[in-house]
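Enquirer: Structure incoming, see below.
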C-alpha cells in the first residue's frame, strides 16, 4: 500500500483542519502555492509546510511549472480512510438497527405512568 510507505500516514495528514481545507481546495483544480496561500490567513511558508505533509502522505502531487510549484489532489490514499470508516459504519448500522428494534418493541407495549417521588 502506497500510503504505508509514506513519511506521514493519511490519518495524521488529515488530522489538521487547515490540511483538510487544502485538500478540499485542491479537489477543484491544480493550483500554484501563491494562489493557494491567498485562501488562508497564514504565510506562504506555513501553507507550504502543510502541503509538504500532504505530499509526504501521497495526498497531493507537486510539479514545477517555470518558477512556481503547482499542487493537485491525489485522492487514492484516501481509500485507506474510506475503508477504515466503512468498518465503523457497519458497527453503527448494527447499533442503530438494534436501537430501532428496541424502541419499536417498547412502543408496542402499553406504557406505564412514570412515578416521580418528591423529596
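The values are calculated or read from the model by the stated rules, or taken from the named source; none is laboratory data. Note that the structure is predicted; figures quoted are calculated from it, not measured. Here Cβ is always computed from backbone atoms with ideal geometry, including for glycine, and neighbour counts include all displayed protein chains.
Enquirer: Which of (1) surrounded by fewer than 14 Cβ atoms within 10 Å (Cβ to Cβ); (2) modelled with pLDDT of 95 or more does residue 1 not meet, given it meets every other one?
Expert: Failed condition: (2).
Enquirer: Could you identify the single residue in 51, 25 that is in contact (Cβ under 8 Å) with a residue 12 or more places away in the chain, in contact with a helix residue (DSSP H, G or I) (Cβ under 7 Å, 6 or more places away or on another chain) and under 17 Å from residue 7 (Cβ atoms)?
Expert: Sole residue among the options that is in contact (Cβ under 8 Å) with a residue 12 or more places away in the chain, in contact with a helix residue (DSSP H, G or I) (Cβ under 7 Å, 6 or more places away or on another chain) and under 17 Å from residue 7 (Cβ atoms): 51.
Enquirer: From the list 51, 81, 23, 90, which one is in a helix (DSSP H, G or I) and loosely packed, with under 13 Cβ neighbours inside 10 Å?
Expert: Numbers: 51 fails: loosely packed, with under 13 Cβ neighbours inside 10 Å; 81 fails: loosely packed, with under 13 Cβ neighbours inside 10 Å; 23 fails: loosely packed, with under 13 Cβ neighbours inside 10 Å.
Only one candidate passes the filter, namely 90.
Condition check ((1) closer than 15 Å to residue 13 by Cβ; (2) touching a strand residue (DSSP E or B) at 6+ places or on another chain (Cβ under 9 Å); (3) touching a residue at least 40 places away in the same chain (Cβ under 8 Å)) across all residues:
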{"position": "56", "(1), (2), (3)": "yes, no, yes"}
{"position": "64", "(1), (2), (3)": "no, yes, no"}
{"position": "68", "(1), (2), (3)": "no, yes, no"}
{"position": "74", "(1), (2), (3)": "yes, yes, no"}
{"position": "80", "(1), (2), (3)": "yes, no, yes"}
{"position": "94", "(1), (2), (3)": "no, no, no"}
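Enquirer: Given the condition part of a helix (DSSP H, G or I) and closer than 20 Å to residue 12 by Cβ, answer yes or no: does some residue in segment 39-46 qualify?
Expert: yes
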